[in-house]
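Heads up, the thing below is written out as structure tokens.
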């Protein structure tokens, strides 16, 4: 079955062209973790970590507060709930991801 047959007779030609583009087919580039081109689990990815002292985030992922960039600083000051942080850091990331997409997990369990 040709791509045009699958999508119907009324499709514009440009949509057929888009359907054949490498980016759409997810083969635009090959992952190369050794050179830092990896979506997940790259060789240079830091281990997850969070240090809270006196109610303040003092380190994230092995980076001290003094070395935070603007985004890290914003996350540390305004996004992390230091009361919930120990529980969140103890949870496996796969479990957190599953909870986010599982419709049987109550919203109250995700948002506190």
- residue 36 being more than 27 Å from residue 110 (Cβ to Cβ) and touching a helix residue (DSSP H, G or I) at 6+ places or on another chain (Cβ under 7 Å): no
- Query: So, in the range 69-84, of the ones that are in a helix (DSSP H, G or I) and either under 18 Å from the mean Cα position of the chain (by Cα) or in contact (Cβ under 8 Å) with a residue 60 or more places away in the chain (or both), which residue ends up nearest to residue 54 (Cα to Cα)?
  - Reply: 76
- Query: Would the range 58-65 turn up any residue that is assigned to a helix (DSSP H, G or I) and more than 27 Å from residue 109 (Cβ to Cβ)?
  - Reply: yes
- Message: Let me confirm something: among 4, 32, which residue is over 30 Å from residue 81 (Cβ atoms), surrounded by 10 or more Cβ atoms within 10 Å (Cβ to Cβ) and either in the same structural domain as residue 79 (by TED's automatic domain parsing) or at pLDDT 75 or above (or both)?
- Response: 32
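The values are calculated or read from the model by the stated rules, or taken from the named source; none is laboratory data. Given the structure is predicted, the values throughout are model-derived calculations rather than measurements. When we count neighbours, we look across all protein chains shown, and the Cβ atoms used for this are built from the backbone with ideal geometry, even at glycine.
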